1. Show me the strands (runs of 3 or more DSSP E) entirely contained within the range 135-210 in which 2 or more residues are within 14 Å of the ligand (Cβ to nearest atom), out of contact with any Cys (no Cβ under 9 Å at 6 or more places or on another chain) and not hydroxyl-bearing (Ser, Thr, Tyr).
2. For a quick check of your reading of the model, give me the residue pairs whose first member lies in the range 60-78 and is under 17 Å from ARG235 (Cβ atoms), whose second is of a type in the set (A, V, I, L, M) and modelled with pLDDT under 90, with beta-carbon atoms closer than 7 Å and at least 6 apart or on different chains.
3. Name the residue that is nearest to the ligand (Cβ to nearest atom), counting only residues in the range 103-133 that are part of a helix (DSSP H, G or I) and under 18 Å from the mean Cα position of the chain (by Cα).
4. Consider ALA193 carefully, then state whether it is under 23 Å from LEU54 (Cα atoms) and either touching a helix residue (DSSP H, G or I) at 6+ places or on another chain (Cβ under 6 Å) or basic (Lys, Arg) (or both).
5. Output yes when any residue across the range 205-225 is out of contact with any helix residue (DSSP H, G or I) (no Cβ under 9 Å at 6 or more places or on another chain) and aliphatic (A, V, I, L, M), and no when none is.
6. Could you tell me how many of the residues in the range 249-262 are free of Cβ contacts under 8 Å to residues at least 40 places away in the same chain and surrounded by 12 or more Cβ atoms within 10 Å (Cβ to Cβ)?
7. Select from the range 26-43 the residues that are surrounded by fewer than 19 Cβ atoms within 10 Å (Cβ to Cβ) and within 19 Å of ILE101 (Cβ to Cβ) and list them in ascending order.
Amino acid sequence: MPLEEKYRNLIRFAIPQAEKEETLLKLSALYDCVVSTNERINITSLVSPIDVTLKHLIDSLTLLQAPVFGNFSPRKRICDIGCGGGFPGLPLATVLSDHEITMIDSTEKKITALKENAALLGLERVVPLWGRGEELAGARGAHRGRYDLCVSRAVARLPVLTELCLPFVKTGGRFVAMKGQKAYEELKESRRAIEKSGGALAEVIEVKTDFHDFPLEAFSEEEKEKIRDYALSARYLIVIVKKKETPAQLPRKWAEITKKPL
Ligand code: SAM
């Protein structure tokens, strides 16, 4: 079932870049795909319209608050590492239809479902790819240094994520990590990983989603509460710029990356 209009209006209010009817209809169809896929394989614990709207669709699109999207010329290459059921990459692809978005996950069934969903949604520039990030961007990996932008949500703590993601990025490109209330704590732990992987911190953006002027009458009390909670939750975009090539020995094997972060 597609998303009711009240949820589409909430997205339109929160994300100005998604205001086109065509984009909203794609996001609504995406909701339908997520719920149907979830009946076959577990890709998310969030399936109610309000949860998917807030925590998958709107949340993924808050990435657009990163200034890098402001002067993004067409046909850029973006990758989403550890995309799971498709977040943040699929919502992003509905807005950024000119760009190629490679979506990588190590779980084959998630990538199989993603292929089906991207085709159903007509997202022609989405490239689902099954594999481990540390292998695809290893010293001889075909995806090393290939992307203008790498994004990732809910995959690992920042020191681990930096070693995993920065090798995918071209020199001069950016890696944007979506983080919650522990963002600054994780950033503090990541100084060495950022520097050793060839990066430098560009900025930390506090994500703002303000529903103050949005009329909430159409929503149930429980939904109103969820909307308020989401607006109050701490969310940050940590933007790392790639200054120089990542040394050939990085990324290491997953067990090493996670047991002994840089
Ligand atoms: N990004 C999605 C989201 O926010 O809904 C999914 C998050 S899920 C908690 C983490 C995903 O990362 C899983 O689907 C897992 O298979 C994937 N993953 C973990 N380590 C990975 C690696 N080294 N390379 C590729 N994918 C990985």
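The values are calculated or read from the model by the stated rules, or taken from the named source; none is laboratory data. Source: prediction; values computed, not measured. Note that we place each Cβ from the backbone using ideal geometry, even for glycine, and neighbour counts take in every protein chain shown.
1. Answer list for the range 135-210: 169-179.
2. none
3. GLY133
4. Here the answer is no, as ALA193 does not meet what is asked.
5. no
6. 1
7. ALA29
Matching residues to (1) within 25 Å of TYR7 (Cβ to Cβ); (2) crowded, with 22+ Cβ neighbours inside 10 Å:
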residue	(1), (2)
LYS170	no, no
LYS179	no, yes
SER197	no, yes
LYS208	yes, no
PHE214	yes, no
TYR230	yes, no
ARG235	yes, no
ILE240	no, yes
PRO247	no, no
